[in-house]
Amino acid sequence: MISVADLVKDKYLPGNYFASDAYIKGDFESGLIENRRGDRLLALPETFLKGIYISLEKEIGQASGIVLANCGRWWGKNFYARFVQEISDYYGKTLAEMEMVEFLQCLKQCWKTHGWGTFDLDISYYQQGFLVVKTTNSPFAAVAPKSHQPACFLETGILRAFFSQLTGRDLDCVQTTCESLGSDCNYFVLGLAHRLKPVTTWLEQDHATIMQQLCNS
């Protein structure tokens with residue numbers, strides 16, 4: 001039997017690093033918001049995000065999705081580096097030394113605390129070569145212009161860069177459902193580019209059917 005003494009033998013027991021009440025700091029009188037490391041945070045109003053989408057759509061049309069995805073990839077690359085550094089410093093171990101459940105809990109809380117909605121990772125397709133991310137209450141889907149296809153290009157870029165660095169493989173990311181189209185969540189599929197290529201022609205189908213076809217291809 002494990003004794004209480006064994007559980008508390010370390011003088012410091014780290015809690016949830018990304019808990020919103022501990023992670024977000026600031027001097028609201030001076031307009032400064034920071035994380036617990038002292039890195040500056042920026043709160044973006046919904047109208048500003050809408051303005052970005054509308055302006056890009058007006059200036060470059062269909063290419064706006066490519067621009068947003070590329071911005072997301074740059075964002076995701078830096079997000080990964082900062083995420084790894086923060087949790088490694090706080091928990092005193094590298095990402096490779098963390099248990100999967102511990103890593104996922106950190107990522108879910110981090111996503112939520114930054115105001116990006118909720119995050120879940122489905123690894124049930126891992127043996128077939130795919131990872132599936134599910135998000136809800138996406139601020140990017142909420143402001144996306146009406147379209148006939150999924151429109152969370154920023155998130156697609158973020159996830160592509162983050163999981164490419166995490167796995168050490170050059171992954172692509174395709175969104176199969178979107179809250180901007182009336183779905184109750186957003187699904188993103190990560191995998192090698194040549195295996196995901198057919199998905200763009202299957203987007204009229206539901207997510208489960210797309211995954212079945214992917215795994216059988």
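The values are calculated or read from the model by the stated rules, or taken from the named source; none is laboratory data. Computed from a predicted model, the values in this text were never measured in an experiment. We place every Cβ from the backbone using ideal geometry, glycine too, and count neighbours over all the protein chains shown. The accessibility values were calculated without ligands, DNA or RNA, using every heavy atom of the protein model including side chains. Shrake-Rupley method; radii C 1.70, N 1.55, O 1.52, S 1.80 Å.
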Problem set entry | Sparse-neighbourhood loop sites, GluC sites (Glu not before Pro) in the range 5-112 - DSSP loop, at most 15 other Cβ within 10 angstrom | GLU29, GLU99
Problem set entry | Pairwise Lys count, the chain - Cα closer than 15 Å, eight or more residues apart or different chains | 5
Exercise. In the chain, which whole DSSP H runs stretch at least 15 Å along their own axis (Cα) and average 0.5 or higher on the Kyte-Doolittle scale?
Worked result: 153-167
For this session: Would you work out what percent of the accessible area of the chain, with all protein chains in place, is carbon or sulfur (probe 1.4 Å)?
Result: 54 percent
Seminar exercise, completed: Computed about the Cα centre, the charge dipole of the chain from +1 Lys/Arg and -1 Asp/Glu charges at the Cβ has a magnitude in debye, to the nearest 20, of 380 debye
Problem set entry | Amide H within-cut-off set for SER183, under 5 Å, with H built and near neighbours excluded | CYS178
Exercise. Along the charge dipole of the range 36-127, which of THR113, TYR53, GLN85 sits closest to the positive end, that is, farthest toward it, with unit charges on the beta carbon of Lys, Arg, Asp and Glu (+1, +1, -1, -1)?
Worked result: TYR53
Seminar exercise, completed: Once the dipole of the chain is set up from charges on Cβ (+1 Lys and Arg, -1 Asp and Glu), the residue from the list PRO150, GLY65, SER138 lying farthest towards its positive end is GLY65
Exercise. Placing +1 at every Lys and Arg Cβ and -1 at every Asp and Glu Cβ, with all other atoms neutral, what dipole size does the range 70-191 have around its Cα centre, in debye to the nearest 20?
Worked result: 300 debye
For this session: Note the listed values [x] 1.01; [y] 1.25; [z] 0.93, then indicate which one is Rg/Rh (Cα atoms, Kirkwood Rh) calculated from this particular structure.
Result: [x]
For this session: Order these peptides, 149-162, 193-206, by their mean beta-carbon neighbour count within 10 angstrom, highest first.
Result: 149-162, 193-206
Exercise. Solvent-accessible area per residue for the chain at a 1.4 Å probe radius, Å²?
Worked result: 59 Å²
Exercise. How big is the shadow of the Cα convex hull of the range 22-82, averaged over all directions, in nm²?
Worked result: 5.5 nm²
